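Some notes on the structure that comes next.
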Amino acid sequence: MLTGIILQAHPTIRQKITLCQWMGCDRFIWNAKCDEQKYLLAYARRYLPIGTFPPVDQKFSQYKSKELSPWLYDCPSQILRNSASRWYNTQRAFMKGQCGAPRRKRKSNKASVLLTRELFRFEKCADGVTRLFIGTKTNNIGYLSLKIHRSFAIPNSITISRENERYLVSLCYDDGVDEADLKTAEQHLEYLSQCSREELERFTIGIDRGVARPVQAGEDVYDLTEEQKKKKKAKERYIRRCQRRLSKQQKSSKRRRKMRHRLAKASTKIANIRKDFCHKTSHSIVNREATKVIILEDLNTSGMTKKPAPKKDCQSRRFLPNRRKAKSGLNRSILDKCWYQLEIYLRYKAHRAGKAVFAVPAHHTSQECADCGHTHPNNRKRQDLFSCQCCGHADHADHNAAEVIKKRAINSFLHSGTELSRRGVLLGIGRGAIHKTPAVKAACARGSEASKEKALATAVA
């Protein structure tokens, strides 16, 4: 089974200069192929018969010129070949409808270069330390300092990326795990449908994701540590201060460029805090011995964080207040909890551990009682307190929602008509099932006929 690892690199100043040159040559070939394809498409559209398209190839030798592009001769030809090959594979995937068309890359703080086996080798030196040699015999940068935090197999290719003056080496290798031995989601569903309710109650856990409590997994609550919260708030204050200074600086100046670099580094540190929380939380949940099935809500985060639509008065033609500022604050809080990133980590880690991850429809999970099933907005008058108006059940709102999610999943497992959607959502009985809507036209017709009869009776009277 393929797995990946990211290692932090610490190049010297000379190595940084060479790597940046290689990344620039890689970007030059990519952009040249994009421009060539754009020109050939325009030419074919204007001068060739309808339905004729230019051929797609991975040639790059026409871009090497002693007069126009002499810097390409200082770069290993394998890097130029890899760039043209990656563009070719992307273009072929676009023609098959698997992705978007390859677009030009602009010069920015983010760049990368792909190195194949001809351009690198891992060597174990006499002191027992594994070092990475980059380049060929005649064109190399020497040994690149790496922070290797775990063992891995020798890959066929590596990618060296740069972001905000931080260099990373990412690689993919086969860890020896046979993916055929791991169960798919359909196989997990088939097995769970044959279990009893007592067994499902024992090894199933429901997870509610929120804003006040980022993760409520059964009885456990996961949140950032106090030290992480303190560092995150300090970086947010620093970003606001830098943004105020940035707005007053002259464009294309050195000070503005330095300030943008500081902003990018601070934002990267906040993103690392979120990523660390998602990794640790998903690792803790998946490694539970008693947990075999993990249930999530099918949250539409992109729809929940949309901007509010403007409201306009029909008479005065003026825009009315639409609580845009309050909605932007809520959107910021939702995106800060990185719900989708946590779901991605849970899914791939649970798959490797042989455990199942499913999702249930998320509507009314915060208003439904976990004991009696009564659903009403008055059940949750406060953010943290749930009090059922029917049976009197009282609990923390997030814990009650986690139990409701778990209950919906168990009911779906025990129902013979439960199906699995493409996104891994359980579609069965109970709340969340897909029901056919009644005949709307017939209902409207009866309503209109009844209104006509009522109007006629009123007129006669």
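The values are calculated or read from the model by the stated rules, or taken from the named source; none is laboratory data. Keep in mind that this is a model prediction, so the values were computed, not measured. Please note: Cβ atoms are built from the backbone with ideal geometry, for glycine as well, and neighbour counts cover all protein chains shown.
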Could you please find all residues in region 200-249 being among the hydrophobic types (A, V, I, L, M, F, W, C) and in a helix (DSSP H, G or I)?
LEU200, PHE203, ALA234, ILE239, CYS242, LEU246
Take the conditions surrounded by fewer than 14 Cβ atoms within 10 Å (Cβ to Cβ), outside any helix (DSSP H, G or I), in the same structural domain as LYS406 (by TED's automatic domain parsing) and out of contact with any His (no Cβ under 7 Å at 6 or more places or on another chain) and apply them to GLN194. Does it pass?
yes
How many of the residues making up region 351-367 are crowded, with 20+ Cβ neighbours inside 10 Å and under 13 Å from SER282 (Cα atoms)?
2
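Here's the yes/no breakdown for (1) loosely packed, with under 11 Cβ neighbours inside 10 Å; (2) under 30 Å from PRO11 (Cα atoms); (3) among the basic types (Lys, Arg):
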site: ILE134; (1), (2), (3): no, yes, no
site: ARG162; (1), (2), (3): no, yes, yes
site: LEU171; (1), (2), (3): no, yes, no
site: LEU189; (1), (2), (3): no, no, no
site: GLU199; (1), (2), (3): no, no, no
site: ARG202; (1), (2), (3): no, no, yes
Among (1) surrounded by 15 or more Cβ atoms within 10 Å (Cβ to Cβ); (2) within 21 Å of LEU2 (Cα to Cα), where does HIS149 come up short?
(1)
Just checking, which of SER108, SER83, SER112 is assigned to a helix (DSSP H, G or I), small (Gly, Ala, Ser), within 15 Å of TRP22 (Cα to Cα) and assigned by TED's automatic domain parsing to the domain that holds SER151?
SER83
Output for region 197-211, where each listed residue is touching a strand residue (DSSP E or B) at 6+ places or on another chain (Cβ under 7 Å) and either outside the structural domain of ALA370 (by TED's automatic domain parsing) or of a type in the set (Asp, Glu) (or both)
ASP208
Please work out if CYS372 is at pLDDT below 90, closer than 20 Å to ALA409 by Cα, in a loop (DSSP other than H, G, I, E, B) and out of contact with any strand residue (DSSP E or B) (no Cβ under 9 Å at 6 or more places or on another chain).
yes
Would you mind finding the one in THR18, THR3 that is under 22 Å from ILE158 (Cβ atoms), surrounded by 18 or more Cβ atoms within 10 Å (Cβ to Cβ) and polar (S, T, N, Q)?
THR18
Whichever residue in region 407-426 is more than 24 Å from the chain's Cα centre (by Cα) and basic (Lys, Arg) and, among such residues, is surrounded by the fewest Cβ atoms within 10 Å (Cβ to Cβ)
LYS407
Looking at GLY303, is it free of Cβ contacts under 8 Å to residues at least 12 places away in the same chain and closer than 30 Å to LEU426 by Cα?
yes
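Got a sec? Which of LEU7, LEU40, LEU19 is closer than 15 Å to LEU115 by Cβ, in contact with a Pro (Cβ under 8 Å, 6 or more places away or on another chain) and of a type outside the set (Phe, Trp, Tyr)? Talk me through it step by step, then tell me what you get.
Values: LEU7 fails: in contact with a Pro (Cβ under 8 Å, 6 or more places away or on another chain); LEU40 fails: closer than 15 Å to LEU115 by Cβ.
After applying the criteria, what remains is LEU19.
If I filter region 326-348 for residues that are touching a strand residue (DSSP E or B) at 6+ places or on another chain (Cβ under 8 Å), under 30 Å from LEU192 (Cα atoms), of a type outside the set (A, V, I, L, M, F, W, C) and assigned to a loop (DSSP other than H, G, I, E, B), do I get at least one hit?
Start the filter on region 326-348 by keeping residues that are touching a strand residue (DSSP E or B) at 6+ places or on another chain (Cβ under 8 Å), which leaves 337, 339, 342-343, 346-347.
When the remaining residues are screened for being under 30 Å from LEU192 (Cα atoms), the result is 339, 342-343, 346-347.
Imposing the further condition that a residue be of a type outside the set (A, V, I, L, M, F, W, C) reduces the set to 343, 347.
Restricting the remaining residues to those that are assigned to a loop (DSSP other than H, G, I, E, B) gives none.
Among the residues of region 326-348, not one is touching a strand residue (DSSP E or B) at 6+ places or on another chain (Cβ under 8 Å), under 30 Å from LEU192 (Cα atoms), of a type outside the set (A, V, I, L, M, F, W, C) and assigned to a loop (DSSP other than H, G, I, E, B), which makes the answer no.
Rundown of residues vs (1) more than 21 Å from the chain's Cα centre (by Cα); (2) touching a residue at least 12 places away in the same chain (Cβ under 8 Å), yes/no style:
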position: TYR173; (1), (2): yes, yes
position: LEU189; (1), (2): yes, yes
position: ALA212; (1), (2): yes, yes
position: GLN250; (1), (2): yes, no
position: ALA266; (1), (2): no, yes
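The rows are residues; the columns are (1) exposed (fewer than 15 other Cβ atoms within 10 Å of the Cβ); (2) closer than 30 Å to LEU200 by Cα; (3) β-branched (Val, Ile, Thr).
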residue: ARG256; (1), (2), (3): no, no, no
residue: ILE273; (1), (2), (3): no, no, yes
residue: VAL286; (1), (2), (3): no, yes, yes
residue: ILE294; (1), (2), (3): no, yes, yes
residue: GLU297; (1), (2), (3): no, yes, no
residue: PRO310; (1), (2), (3): yes, no, no
residue: SER316; (1), (2), (3): yes, no, no
residue: SER333; (1), (2), (3): yes, no, no
residue: TYR340; (1), (2), (3): yes, yes, no
Criterion violated by ALA234 - all others in (1) touching a helix residue (DSSP H, G or I) at 6+ places or on another chain (Cβ under 6 Å); (2) at pLDDT 95 or above satisfied:
(1)
Under 8 Å by Cβ, and 6 or more places apart or on different chains, what pairs join a residue from region 40-67 that is touching a residue at least 12 places away in the same chain (Cβ under 8 Å) with one that is assigned to a loop (DSSP other than H, G, I, E, B) and not basic (Lys, Arg)?
LEU40/PRO54; LEU41/PHE53; LEU41/PRO54
